């Protein structure tokens with residue numbers, strides 16, 4: 001039984017990113033959407049936190065949101081996996097519950 | 001697990017344009033429907049009720065979110081519900097509500113219906129997965 | 001327009017519904033409108049609980065006087081939750097500490113336990129961050145506002 005955690009706000013704007021990360025459990029998944037995708041850019045001040053989370057949780061980033069913000073998929077932290085909206089749907093199905101960190 | 005038997009419930013807590021929430025919810029819902037999944041209900045709460053007014057006139061060269069939701073509802077027989085309490089606060093009314101409260105107009109968009117919070121709770125119970133889009 | 005479907009709720013199934021409260025009251029409507037959903041949910045006889053973490057802990061602080069900001073003080077409604085059979089209000093300890101709050105700063109919210117001679121018990125359950133994570137992971141549905 002695992003949780004898909006979605007984060008939509010930039011970690012530089014809102015503490016929801018940090019809060020979500022302190023509530024992750026092993027085998028949970030994290031999906032960054034909307035402005036939160038910028039946390040996964042290589043070199044971002046929050047990349048270290050994401051990499052730490054990636055040790056026990058799968059980290060996903062929504063591709064259309066990256067593209068909109070001019071972030072190339074090749075410019076993310078290595079552990080981040082890119083998904084489209086269809087992949088987002090699959091992730092919701094895969095995990096028993098979805099928790100939105102707004 | 002194919003997941004085709006799973007029902008989705010979608011909660012939209014923000015209005016159109018100001019936050020990306022409604023766009024994200026729309027894109028997610030469309031993707032789920034295109035994959036053949038059932039979306040039991042899309043419930044609009046907080047400022048989300050503003051997705052349900054037919055009086056918006058967005059710029060011609062950009063998306064019309066209200067129309068997008070209306071068209072999706074029509075194509076897939078989707079249940080779009082606007083919370084009555086949140087709608088009253090924010091001025092989204094159907095004809096019955098307008099009459100009941102002595103307002104000189106109503107503005108609910110086609111494909112949306114105004115109903116109680118019980119519809120959200122029901123969706124949370126009936127759906128196998130509830131996805132929340134907010135700010 | 002979709003027809004109003006008859007409720008498909010299986011009355012033999014009781015889902016665990018948790019409302020996640022992370023925002024302070026008054027600065028936005030989320031605290032109030034979330035509470036409105038909680039009250040409606042009572043009619044559905046599910047296993048409803050509330051989590052208060054991050055700034056959400058401020059929703060339960062006692063002594064709220066909103067007269068100066070011209071807004072309605074809705075905090076007394078939390079005290080009525082016991083009557084609606086909503087008796088589990090999880091408050092995250094770390095969120096309190098980070099804000100310089102102690103459990104004594106919170107409202108007294110109680111319920112009468114029918115299984116224990118109607119004894120008055122606290123609805124507020126202080127939990128650690130990791131305990132709250134575990135509790136959230138045991139829920140069927142998580143509603144965030």
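Looking only at residues in the stretch B:105-114 that are facing another protein chain (nearest Cβ under 8 Å) and assigned to a loop (DSSP other than H, G, I, E, B), which one is surrounded by the fewest Cβ atoms within 10 Å (Cβ to Cβ)?
B:110
Anything in the stretch B:56-83 that is within 10 Å of chain C (Cβ to nearest Cβ) and in contact with a helix residue (DSSP H, G or I) (Cβ under 7 Å, 6 or more places away or on another chain)? List them, or say none. Don't jump to the end; show me each part of the working.
First, the residues of the stretch B:56-83 that are within 10 Å of chain C (Cβ to nearest Cβ): B:70, B:73-74, B:76-81, B:83.
Listed by number, the residues that qualify are B:76, B:78, B:80, B:81, B:83.
Scan the stretch A:1-34 residue by residue and report those that are more than 7 Å from every other protein chain (Cβ to nearest Cβ), closer than 15 Å to residue B:20 by Cα and touching a strand residue (DSSP E or B) at 6+ places or on another chain (Cβ under 7 Å).
A:6, A:7, A:32, listed by residue number.
Residue by residue through the stretch C:104-145, note down the ones that are part of a helix (DSSP H, G or I) and either more than 14 Å from chain A (Cβ to nearest Cβ) or over 18 Å from the mean Cα position of the chain (by Cα) (or both). Working first, answer last.
Residues of the stretch C:104-145 that are part of a helix (DSSP H, G or I), as a first pass: C:104-105, C:114-116, C:129-137.
C:104, C:105, C:114, C:115, C:116, C:130, listed by residue number.
Could you tell me which of the residues B:102, B:96 is over 18 Å from residue C:33 (Cα atoms), outside any loop (DSSP other than H, G, I, E, B) and out of contact with any helix residue (DSSP H, G or I) (no Cβ under 8 Å at 6 or more places or on another chain)?
On the way: B:102 fails: outside any loop (DSSP other than H, G, I, E, B).
It is B:96.
Of the residues that sit in the stretch B:7-26 and are more than 10 Å from every other protein chain (Cβ to nearest Cβ) and surrounded by fewer than 22 Cβ atoms within 10 Å (Cβ to Cβ), which one is farthest from residue C:33 (Cα to Cα)?
Restricting to residues being more than 10 Å from every other protein chain (Cβ to nearest Cβ) and surrounded by fewer than 22 Cβ atoms within 10 Å (Cβ to Cβ), the top hit is B:17.
Look through the stretch B:27-50, keep the residues that are facing chain A (nearest Cβ under 10 Å) and part of a helix (DSSP H, G or I), and return whichever of them is farthest from the chain's Cα centre (by Cα).
B:34
Looking at B:117, B:130, which is the one that is at pLDDT 95 or above, within 14 Å of chain A (Cβ to nearest Cβ), surrounded by 18 or more Cβ atoms within 10 Å (Cβ to Cβ) and closer than 30 Å to residue A:9 by Cβ?
On the way: B:117 fails: within 14 Å of chain A (Cβ to nearest Cβ).
None of the other options fit; the residue is B:130.
Suppose we filter C:17, C:39, C:101 for residues that are surrounded by fewer than 21 Cβ atoms within 10 Å (Cβ to Cβ), within 11 Å of chain B (Cβ to nearest Cβ) and touching a helix residue (DSSP H, G or I) at 6+ places or on another chain (Cβ under 9 Å); which single one remains?
Values: C:17 fails: surrounded by fewer than 21 Cβ atoms within 10 Å (Cβ to Cβ); C:101 fails: within 11 Å of chain B (Cβ to nearest Cβ).
On inspection, the qualifying residue turns out to be C:39.
Which residues, counting only those in the stretch B:120-135, are within 12 Å of the chain's Cα centre (by Cα) and closer than 20 Å to residue C:42 by Cβ?
Scanning the stretch B:120-135 gives a single hit, B:120.
The values are calculated or read from the model by the stated rules, or taken from the named source; none is laboratory data. Since the structure is predicted, the reported quantities are computational estimates derived from the model, not experimental observations. Counting neighbours? That spans all protein chains shown, and the Cβs are built from the backbone with ideal geometry, glycine included.
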